């Protein structure tokens, strides 16, 4: 099996892609690409690389049928600068390897995230963990930004004062806010990266981490373009249905089999399979064409 070199990926190694006001993502290294996925999938019966069309078809088949192990053969390493509150969401994805800058060894930089005016909004009325889609009026948004920046300056001033007094760095850092930027090296295989992207590109994810996910996907397209094309078509652009949702879909299409589908212990006899919130989620899928 030959070493895989992807010219498009080589061209962007160590290139800094800006995210948010002070963050970035860099591709540090990669192992394999589309060719590696194809090679590892065909190794069981010893066939070499086929035509572009056949390779793309194989990748499509693997992703569509969730044959994940060939995608695990491709590994990407990123250097990421991100606010701590984004990092705490990011770290929920545990199937990766990372090394983060340590405030015990290093004096943290005076880098804090302040949201843009258009991103300052009230709490959503129908989403307990998100903001309203409507931004605050300009003057009110700017007042919030000024308050945030003032709190950050105060916090960092207190931090540096403790450092200057000789207080241990591991103690001086503990009052620094979630808006502080941190940095890490993050290494992940393509299968688990796609899982990360499917969740963090979703409209329900917080905007700040969605912006990082968008850049990650753009970079990954340089490493494995055919895999990413298949991922966008079947995962990002696809929809999965529960048994009850599928029954409701068949009912709306006039399929007589919908009358005999059993959902749990409930027989669906020509009536709506879903009600309440479940029906709302189903309608969302139909409108967005994207898994929720």
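The values are calculated or read from the model by the stated rules, or taken from the named source; none is laboratory data. If you're wondering where the values come from, they're calculated on a predicted model, not measured in any experiment. Using ideal geometry, Cβ is built from the backbone for each residue, glycine included, and neighbour counts are taken over all protein chains shown.
Just a few scattered comments:
- Top-ranked residue of the range 273-291 - restricted to ones that are surrounded by 13 or more Cβ atoms within 10 Å (Cβ to Cβ) and part of a loop (DSSP other than H, G, I, E, B), ranked as modelled with the highest pLDDT: 274
- Candidates 82, 58, 31: the one that is under 21 Å from the mean Cα position of the chain (by Cα), buried (at least 17 other Cβ atoms within 10 Å of the Cβ) and closer than 27 Å to residue 228 by Cβ is 82.
Conditions (1) surrounded by 13 or more Cβ atoms within 10 Å (Cβ to Cβ); (2) more than 30 Å from residue 76 (Cα to Cα); (3) under 24 Å from the mean Cα position of the chain (by Cα), marked per residue:
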{"position": "107", "(1), (2), (3)": "no, no, no"}
{"position": "136", "(1), (2), (3)": "yes, yes, no"}
{"position": "150", "(1), (2), (3)": "no, yes, no"}
{"position": "170", "(1), (2), (3)": "no, yes, no"}
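- Checked against the criterion of being closer than 18 Å to residue 131 by Cβ and either buried (at least 19 other Cβ atoms within 10 Å of the Cβ) or at pLDDT 95 or above (or both), the candidates 178, 193 yield just one match: 178.
- Some residue of the range 119-127 being assigned to a helix (DSSP H, G or I), within 22 Å of residue 84 (Cβ to Cβ) and free of Cβ contacts under 8 Å to residues at least 60 places away in the same chain: no
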